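Engineer: Below is one structure. I have some questions about it.
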Amino acid sequence: MAVAQQVFLRDAMRRLNLTREIFAARIGVKRRALDTWLLPEGSQEFRTMPEVVQRFVTEIVENQHLMEKYAQVVQTGPLRDRIAVEGKHQLLSVEQFTRESVEELFRVADQMQPIARRQKVSRVLEGAVLGNLFFEASTRTRVSFGAAFSRLGGSVCDTTGFTFSSMAKGESIYDTSRVMSGYVDVMVIRHPEQGSVAEFAKATNIPVVNGGDGAGEHPSQALLDLYTILTEFSRLGKLLDGAHIAITGDLKYGRTVHSLVKLLALYKGLKFTLIAPPGLEMPQDVIDQVAKQGNHVIEQYSELADGLKGADVIYATRVQKERFADEQMEGYTADFQINKAVVERYCAEDVIVMHPLPRDSREGAHDLSVDLNPDPRLAIFRQADNGIPVRMAIFAVLLGVENLVQHSMRDVTWSPPSHIGPEDAVFHGMY
Ligand code: ASP
């Protein structure tokens with residue numbers, strides 16, 4: 001088989017929009033057997049699927065695949081052209097995606113998993129240089145974009161903050177962007193003003209990725225959040241269509257949730273419960289955009305109890321204190337904290353708890369509690385880890401090398417630990 005068994009099977013399930021349970025039933029195998037075929041090849045429980053199953057699944061997928069492929073070639077072409085902004089290969093907003101194109105990006109992310117899990121290495125972007133321009137605080141986004149690019153064989157140049165950049169000398173966005181374009185092959189930009197990354201993107205023809213523009217959008221975070229939800233749901237045997245997503249915290253200034261709800265709206269019949277203190281509610285234009293599509297139900301609450309019941313996903317967020325005056329914070333009390341007691345009280349055993357991170361661990365911040373750390377329902381570190389394959393996929397697609405990745409892989413020379421976090425759930429990194 002040209003691709004890893006795990007990638008092959010996950011791809012088949014996603015194309016057919018089937019859960020593991022239903023997929024196993026359709027192809028007439030036991031769910032437990034399918035689970036062992038879906039494990040990474042090096043793991044102890046891994047089993048090779050029988051050849052007859054492989055042939056059967058290939059036949060199903062190829063029939064559907066041929067039709068899809070034909071339609072795409074005729075009407076649409078490569079993924080980067082289909083998500084382009086005014087003909088340029090940029091990622092500025094999740095609005096560039098359809099359900100089909102986002103799932104196509106995730107198939108590329110699935111292919112990146114052996115590299116992200118340190119089983120394989122690739123040099124497919126050898127010689128390419130990434131310019132990471134961060135004019136606002138960042139740990140995860142900056143480092144994971146850098147690591148993703150490096151793991152594909154490229155190299156990374158960073159600038160952080162205004163103080164050490166020429167913007168402190170009064171340089172315009174246009175000049176900075178045009179000058180950087182002469183030095184690097186792709187730029188990831190984070191900037192405190194909404195709309196500023198689009199301005200950078202106008203001044204260049206090289207690919208630009210929005211790493212967060214003020215309270216505007218954070219498309220790569222929303223993509224890895226959706227990828228996480230789909231991956232976790234596949235493990236739990238759930239479908240995203242019809243699911244209940246509860247989003248809590250600062251929904252006004254939290255850019256990750258602006259991007260996430262727009263992206264989730266590509267699915268069907270979702271129930272969104274938006275739980276925010278007075279003054280920090282989701283902006284109306286974002287709600288209107290979601291309400292326009294997919295038969296969604298949107299409910300707004302100012303208390304956790306009302307919005308959490310029956311949720312499949314709790315997505316907690318940090319109060320973006322850096323974006324407003326302290327007085328506006330009054331409504332954000334300890335009652336907004338997502339902790340073990342709240343999850344036990346209102347949610348089922350199969351809920352997943354997410355957060356874009358960082359969580360504010362200072363006293364009085366009432367952000368997502370650390371008492372959930374050993375609880376396998378807490379998906380925040382699996383979510384953060386997914387930043388690597390998804391960001392690798394973004395680069396591969398924007399630079400048009402996604403079809404070269406599979407054949408560029410070699411085995412790693414070192415041995416990473418089987419679990420990278422001391423409190424990782426047993427299935428961490430396996431699905
Ligand atoms: N890291 C995310 C962002 O940059 C979330 C946060 O900062 O609260 O938007």
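The values are calculated or read from the model by the stated rules, or taken from the named source; none is laboratory data. What you see is a predicted model; the values in this text were computed from it and never measured. We place every Cβ from the backbone using ideal geometry, glycine too, and count neighbours over all the protein chains shown.
Engineer: Just one of (1) away from the ligand (no atom under 16 Å from the Cβ); (2) assigned to a loop (DSSP other than H, G, I, E, B) trips up Gln113, so point out which.
Structural biologist: (2)
Engineer: Can you name every residue in the stretch 329-367 that is in contact with a Phe, Trp or Tyr (Cβ under 9 Å, 6 or more places away or on another chain) and among the β-branched types (Val, Ile, Thr)?
Structural biologist: Those that are in contact with a Phe, Trp or Tyr (Cβ under 9 Å, 6 or more places away or on another chain) and among the β-branched types (Val, Ile, Thr): Ile352, Val353.
Residue by residue, here is whether (1) over 18 Å from Leu240 (Cα atoms); (2) under 23 Å from the mean Cα position of the chain (by Cα); (3) surrounded by 13 or more Cβ atoms within 10 Å (Cβ to Cβ) holds:
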position	(1), (2), (3)
Gln289	yes, yes, yes
Gln293	no, yes, no
Tyr301	yes, no, yes
Gly310	no, no, yes
Ile314	no, yes, yes
Val319	yes, yes, yes
Glu330	yes, no, no
Thr333	yes, no, no
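Engineer: Additional query: Name the residue, out of Val401, Val412, Val405, that is modelled with pLDDT of 95 or more and touching a Leu at 6+ places or on another chain (Cβ under 7 Å).
Structural biologist: Val401
Engineer: For the stretch 127-157, give me the residue count where each residue is charged (D, E, K, R) and away from the ligand (no atom under 16 Å from the Cβ).
Structural biologist: Selection size over the stretch 127-157: 1.
Engineer: Counting only residues that are of a type outside the set (A, V, I, L, M, F, W, C), touching a helix residue (DSSP H, G or I) at 6+ places or on another chain (Cβ under 9 Å) and within 14 Å of Asp250 (Cβ to Cβ), how many does the stretch 303-346 have?
Structural biologist: The qualifying residues number 5.
Engineer: If you don't mind, there's one more thing I want to ask. Just a yes or no: is a residue in the stretch 108-125 under 26 Å from Glu86 (Cα atoms), within 21 Å of the chain's Cα centre (by Cα) and surrounded by 16 or more Cβ atoms within 10 Å (Cβ to Cβ)?
Structural biologist: yes
Engineer: In the stretch 364-407, which residue that is within 15 Å of Gly421 (Cα to Cα) and of a type in the set (Asp, Glu) is nearest to the chain's Cα centre (by Cα)?
Structural biologist: Asp385
Engineer: Out of all the residues in the stretch 1-49, which are part of a loop (DSSP other than H, G, I, E, B), among the small types (Gly, Ala, Ser) and surrounded by 17 or more Cβ atoms within 10 Å (Cβ to Cβ)?
Structural biologist: Correct list: Ala4 only.
Engineer: With the requirement that a residue be surrounded by 15 or more Cβ atoms within 10 Å (Cβ to Cβ) and either over 30 Å from Leu404 (Cβ atoms) or without any contact (Cβ under 8 Å) to a residue 24 or more places away in the chain (or both), what does the stretch 144-178 give you?
Structural biologist: Within the stretch 144-178, Gly146, Thr160, Ser165, Met167, Ile173, Thr176 qualify.
Engineer: Please go through the stretch 394-417 and pick out each residue that is charged (D, E, K, R) and in a helix (DSSP H, G or I).
Structural biologist: Once the filter is applied, which keeps residues that are charged (D, E, K, R) and in a helix (DSSP H, G or I), the stretch 394-417 yields only Glu402.
Engineer: Only one of Arg323, Arg345, Arg359, Arg391 is buried (at least 23 other Cβ atoms within 10 Å of the Cβ) and of a type in the set (Lys, Arg). Can you tell me which?
Structural biologist: One residue alone meets the criteria, Arg391.
Engineer: Please go through the stretch 306-321 and pick out each residue that is more than 25 Å from Leu236 (Cα to Cα) and in contact (Cβ under 8 Å) with a residue 60 or more places away in the chain.
Structural biologist: Of everything in the stretch 306-321, those that are more than 25 Å from Leu236 (Cα to Cα) and in contact (Cβ under 8 Å) with a residue 60 or more places away in the chain turn out to be Arg318, Val319, Gln320.
Engineer: Mind checking whether some residue in the stretch 261-271 is more than 30 Å from Arg32 (Cβ to Cβ), part of a strand (DSSP E or B) and either among the β-branched types (Val, Ile, Thr) or within 11 Å of the ligand (Cβ to nearest atom) (or both)?
Structural biologist: no
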